[in-house]
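The values are calculated or read from the model by the stated rules, or taken from the named source; none is laboratory data. Small disclaimer: the values here were computed from a predicted structure and weren't measured. Neighbour counts are summed over all protein chains in view; Cβ atoms, including those assigned to glycine, are modelled from backbone coordinates with ideal geometry. Note: accessible area is taken over every heavy atom of the protein model, side chains too, but ligands, DNA and RNA are not part of it. Shrake-Rupley method; radii C 1.70, N 1.55, O 1.52, S 1.80 Å.
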Amino acid sequence: MKTIQKLILPLLIIIVIGLIYFLYFSPKEGLGSFSDFDPNNNAVKDIRVKIVQEQGITKTPEGGAVFFAADKNNTVVQVNADKISPGLESAGIVTLKGHSSQGGFHAHDVVLD
């Protein structure tokens, strides 16, 4: 009986750590949602989105770009990227590292999938 009592607490701690990892930190398949971002919070998070090629990509002189992206709910948002990877014009799905802003989404980095 005492050995079972000694195992319960470590087992519960392992279960809680596992749940936190699988629900929060594990990589998610599919597209993300812009509604998960708070426009008043400047924390940089990742989101997978689909580029809306029909609306075009405008490159900026600083090496960035302005383009539109759609999330899993088909919400289309204007993205202002500081820097882009070569091949963005032919990419379908990208990972944005940034935060929501009043004018859309500010991406510090764009990673091609």
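Filter the stretch 37-91 down to residues that are of a type in the set (A, V, I, L, M) and open to solvent by 60 Å² or more (accessible area, probe 1.4 Å) and give me whichever is nearest to the chain's Cα centre (by Cα).
Among them, the one singled out is 44.
Do we find that residue 106 is part of a strand (DSSP E or B) and in contact (Cβ under 8 Å) with a residue 60 or more places away in the chain in this structure?
No, not satisfied.
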